[in-house]
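Comments concern the structure below.
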Amino acid sequence: MKFNKELWAAFLLGNAGLLMIYLLPIMVGAVSEQFNLTPQQSGLFAASDLIGYSMSSISSFFWINKTNWKRMAIISVLVMICGNALTTIVGSFPVLLLIRWLTGLGQGIGVALTLAVINKFGDTDRNFAAYLIITLVFGALCMEGISFFPNYEKADVIYAMQIILAIICLPFVIQFMPKGGRQLEEKGSSQRIPILVFLCLLGVLLMFVGYGGLWSFTERIAVANHFDPEFVSTVLSSGLLIAIPALMIPLFIGSKYGRMLPISISILGLIIYSLCVGTDDKVYFTIGVLTGSFGVNLIIPYLTGIIADQDQSGKGVVMVTPMYSIGFAMGPLFLSMITTDGNYLVLSIVSVSIFLMVYITYLSVLIKKPATNE
């Protein structure tokens, strides 16, 4: 696993871009209370960043090998800083949605560039796991840090944290971010993405429809069950931290023992999350959040590694971000349409069905192409 200045610049850029997703449950709760939102409006707000994130991620398929990565990274950081700063002074919910969408555009560009750099240096399973560990540590620290500012609007504190991480990465991006593009374009621009890669990408999309929807509403579910805010914050931050040992598995073991077993464990964890998170028992709620976070973080590096193994164009790995973000954007919108105030049982049932579909998709890929499992 190669850790050099270019890779670290990309890690920090992606860290700034991904923080919003980790803080999303707290952010949705804070904004829902600030603007007195319905569950449907909360779902729309949860999706606003992610819709912009998805759009810029999807567009990266066309520009990732043709643009100056350093220039695009600087634009990404500036959009994140300006978007979060403007959000703190907005008093209108529709305007808030517009600004969060624009901010999501910058976040999506940053994470897409991070994946492109990771793919450039190879050893995708491990480098991707290392990147996620960095983001999880920062996400957990920020989640816990929110409670140290009780006299400030919680949503404003969350926006400020996103600004700080963007500012931290800016000098590294300016100094060390590769200009990129050309070698990858020459290497793979004429090659088509294999059908198995599209199937893997579909699996990522489906998984994050289920997980993104549940994660976005986890804080709202806890409030409906009358859990105290300090408990909820602790469980959510613990969920981020427990993902670190999950990521240690692909980081240190890689695919030495295949990918079938870790994928099976991951799906089991996500199903447990679906079944436990909606209960009014604090122990089950905690188990659900922890196993879900463990599962989703264990599976992503392996799935990204499968895509990298089967795709020589260099575009397949970059498309993990669009599928990730589209799923996360669709999840809150989809689940918000099938729930009512205080009744989240249906979310669990739908999510279990989605995760079983994902498992079948992955199994079909691994059985169809045994080489990806070695």
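We did not get these values from a lab; they are worked out from the coordinates using the rules stated. Predicted model, so just to flag it, every value in this text is computed and none were measured. Note that we place each Cβ from the backbone using ideal geometry, even for glycine, and neighbour counts take in every protein chain shown.
Need one number: the % of Cα-Cα pairs in the chain sitting beyond the 32 Å mark.
In whole percent, the long-distance tail amounts to 26.
How many angstrom separate the Cα center of the stretch 197-213 from the Cα center of the stretch 109-168?
21
With each label point set 7 Å from Cα along the Cα-Cβ vector, what nm distance links S264 and W63?
4.4
Relative to the present Cα-Cα distance, how much length would full extension add between V346 and D281 at 0.36 nm per residue of separation?
Value of the extension gain: 21.7 nm.
At 7 Å along the Cα-to-beta-carbon direction for both K179 and C82, put a label point, then send me their distance in nm to one decimal.
2.5
If I stretch the segment between S92 and K256 completely, what's the gain in nm (0.36 nm per residue apart, minus their alpha carbon distance), one decimal? It would help to have the intermediate numbers written out before the result.
Details: separation 164, 0.36 × 164 = 59.04 nm, distance 5.25 nm.
Extra length available between S92 and K256 comes to 53.8 nm.
Go ahead and set up a Gaussian network model of the chain, Cα springs under 10 Å, then flag whichever of F149, F231, F172 fluctuates most.
Among F149, F231, F172, the largest mean-square fluctuation in the Gaussian network model of the chain belongs to F149.
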